[in-house]
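One structure is given below, encoded as structure tokens.
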Amino acid sequence: MSKIIVSKFGGSSMKDQEAMLRSAKICQKQKSTITLVSATYGTTDKLHELVNNAVKGNWNECEKLLFTLREKHFDILQNLTNDKLVGERLRELINNLETLIRGIFLISECSPKAHDRVVSFGERLSSLLFCEAMKMTIKDKPVELFDSRDILKTNNQFGRAKPNIQTIHHKCQNYFKLDGSTTYVGQGYIGSTDEGSTTTLGRGGSDYSAALFAEGVRADVLEIWTDVAGIATCDPRICENTKPIEEISYNEAGEMAHYGAKILHPTTLVPAMRQSIPVFVGSSYASEELGTWIRHEVEQKPLIRAIAKRDNQALLTITTPKMLDAFGFMSKIFAVFTEFEVSVDCVTTSEISVAVSLDPKTLDNKELIQKLAQIGEVKTEYGFSLISLIGNKMLEQAGLAKRVFAAIEDINVRMLCLGASPYNFNILVTEKESNDAIGLLHKEFIA
Ligand code: ADP
Ligand code: ASP
Ligand code: MG
């Protein structure tokens with residue numbers, strides 16, 4: 001029985017025809033069973049721009065953007081196939097996109113449902129082209145393009161839809177021939193509701209799609225191919241001297257993704273963990289390099305394996321003297337967070353106050369602030385970065401905090417979170433100082 005491999009290629013691996021053919025060769029070598037692709041590099045951003053311009057009534061800008069998208073995709077198609085039907089399908093997709101944008105322009109409004117439909121065109125276009133790159137490369141078996149929306153069923157939370165795991169599993173088992181006789185190409189990021197409306201899983205969601213398909217077909221391996229040779233000890237764009245990580249546990253990699261390491265979408269590892277599917281992260285530009293394996297059990301468990309950060313964090317503090325010797329204060333605050341579906345990251349408390357770090361967009365909700373103001377005095381501060389040291393056994397290590405503070409002695413730590421998980425130690429600093437702090441911490445603990 002051949003192994004079931006689910007592979008995912010991100011936007012940079014779909015950048016142009018050369019990148020697509022290079023990615024197709026990897027699928028051939030790896031014997032990928034199902035491959036999901038992101039939109040071509042930068043296309044999802046362009047589709048967002050398109051919607052914004054249509055809503056604002058800038059039709060000239062819309063025409064320019066549509067022209068660029070059309071050129072880009074027809075450029076990739078050149079010499080990829082002799083099949084006229086593919087060109088026609090491409091034209092038809094772009095025309096449908098234009099019709100949709102014209103509708104949005106005419107009513108100067110775009111519902112979340114229409115927005116998801118627009119951005120879905122990125123993956124629908126790239127997968128059509130990538131399927132041709134695969135057919136050009138893989139000659140010993142059929143390559144079949146499928147529509148992920150037929151399988152990845154979700155709720156109707158447009159823009160951040162939640163998958164229906166049971167239905168996906170059922171559809172995967174019924175749809176795919178998993179004996180290695182066919183190789184499949186589909187779209188990351190997109191799904192659909194039971195009624196058939198297109199949904200998306202949130203920015204960067206193709207990783208998550210691939211993990212859901214891997215879970216659905218009970219894959220042997222999930223491969224994430226991107227523009228760097230696996231996970232490094234820190235984002236190479238932030239810090240020099242990063243080191244490649246050969247092996248990392250689900251827990252550590254999950255914390256990294258959750259705390260901002262863009263290399264993986266935050267929820268990617270959840271389906272993989274549920275089925276204990278090992279995940280490989282590698283570079284589609286240098287597929288021979290080692291890359292990173294993510295598994296349940298790993299041989300080495302260093303105290304600090306990596307550092308991640310999330311910029312643009314806000315700090316909310318609620319203070320009331322009534323909390324002195326009282327109880328129920330926390331539950332009142334968290335009842336408001338639950339009511340408004342607010343997700344908080346770090347929490348610290350004193351005798352009369354509670355501080356939480358969160359996404360600043362949450363604080364735009366006036367009703368939320370009003371409700372909190374009934375409990376205590378509310379203070380909001382902006383412009384922070386949450387830095388996470390990620391590793392193992394942090395709760396058992398004497399002197400860890402001392403080393404952290406000594407390494408960044410000139411930088412003010414506005415908040416500190418340690419104690420809830422053995423895998424991370426989080427500090428909140430100003431965005432301005434965050435890269436310096438990371439450089440110093442990386443030098444102290446890793447490099
Ligand atoms: P894709 O389009 O393939 O999904 P992304 O841009 O989403 O690619 O993710 C890859 C990027 O993630 C890398 O180019 C790198 O800048 C960033 N990144 C963040 N943290 C890390 C890390 N710890 N190791 C490697 N890359 C990281
Ligand atoms: N194309 C989508 C995005 O840019 C999804 C992805 O690439 O993972 O967010
Ligand atoms: Mg990504």
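In straight-distance terms, cross-link reach from Lys322 covers every one of the lysines whose alpha-carbon lies under 21 Å from its own, apart from those fewer than eight places away in the same chain; here that gives Lys332, Lys371, Lys379.
Among the cysteines of the chain, those with no neighbouring cysteine Cβ under 4.7 Å are Cys27, Cys62, Cys110, Cys131, Cys172.
Could you please put Asp227, Asp359, Asp207 in sequence from largest to smallest accessible area, using a 1.4 Å probe?
Values: Asp227 90, Asp359 65, Asp207 5 Å².
Sorted descending by solvent-accessible area, the residues read Asp227, Asp359, Asp207.
Between Ile352 and Leu290, full extension at 0.36 nm per residue minus the direct alpha carbon distance yields a gain of 17.2 nm. Using heavy atoms of the protein chains and a probe of 1.4 Å, the accessible area assigned to Leu440 is about 80 Å².
The amide H of Thr199, built 1.01 Å from its N in the peptide plane, has Gly191, Ser192, Thr193 as neighbours under 5 Å, considering only residues 5 or more places off or on other chains. Computed 3J(HN,Hα) for segment 391-407, one whole-Hz value per residue from the Karplus formula 6.51 cos²θ - 1.76 cosθ + 1.60 where θ = phi - 60°, is x, 9, 6, 5, 7, 10, 9, 5, x, 5, 4, 4, 5, 4, 5, 5, 5, glycine and proline marked x. Largest GNM mean-square fluctuation across Asn365, Asn251, Asn174, computed for the chain with C-alpha springs under 10 Å, falls on Asn365. Note on Glu409 and Glu98: their simple-model spin labels are 6.6 nm apart, each label 7 Å out from Cα toward Cβ. Split the chain at each of the chymotrypsin sites (Phe, Trp or Tyr not before Pro) in a DSSP loop with at most 15 other beta carbon atoms within 10 Å, and the longest piece is 1-326. The phi torsions of segment 121-132, fed into the Karplus equation with coefficients 6.51, -1.76 and 1.60 and a -60° offset, translate into couplings of 4, x, 6, 5, 6, 5, 5, 4, 6, 5, 4, 5 Hz, rounded to whole numbers, with Gly and Pro shown as x. Residues considered: Leu93, Leu47, Leu125. Largest GNM mean-square fluctuation over the chain, using C-alpha springs under 10 Å, is found at Leu93. How far is helix 17-30 tilted off the main Cα axis of the chain, in degrees rounded to 10, range 0 to 90? Result, in degrees: 90.
Remark: spin-label model distance Asp140-Leu303 equals 5.1 nm, labels positioned 7 Å along the Cα→Cβ axis. Within segment 403-433, the GluC sites (Glu not before Pro) that combine a DSSP coil assignment with at most 12 other C-beta atoms in a 10 angstrom radius are Glu409.
Of all DSSP beta bridges located in the chain, what percent are antiparallel, nearest 5?
Values: 40 of 65 bridges.
Roughly 60 percent of the beta bridges in the chain run antiparallel, per DSSP.
Here the gap between Asp220 and Lys379, fully extended at 0.36 nm per residue and compared with their Cα-Cα distance, gives a gain of 52.3 nm.
Select from segment 234-286 those GluC sites (Glu not before Pro) which occupy a DSSP coil region and have at most 10 other Cβ atoms within 10 Å, ordered by residue number.
Working: sites: Glu240, Glu246, Glu247, Glu252, Glu255; in loops: Glu240, Glu246.
Answer in residue order: Glu240.
The phi torsions of segment 100-107, fed into the Karplus equation with coefficients 6.51, -1.76 and 1.60 and a -60° offset, translate into couplings of 5, 5, 5, x, 5, 4, 5, 9 Hz, rounded to whole numbers, with Gly and Pro shown as x. Under the combined filter of DSSP loop state and at most 10 neighbouring Cβ atoms within 10 Å, segment 195-281 retains these trypsin sites (Lys or Arg not before Pro): Arg237.
The values are calculated or read from the model by the stated rules, or taken from the named source; none is laboratory data. These figures come from a predicted structure and were not determined experimentally. Glycine gets a Cβ as well: all are built from the backbone with ideal geometry, and neighbour counts include every protein chain shown. Side chains are part of the model used for accessible areas, which takes the heavy atoms of the whole protein and leaves out ligands, DNA and RNA. Shrake-Rupley method; radii C 1.70, N 1.55, O 1.52, S 1.80 Å.
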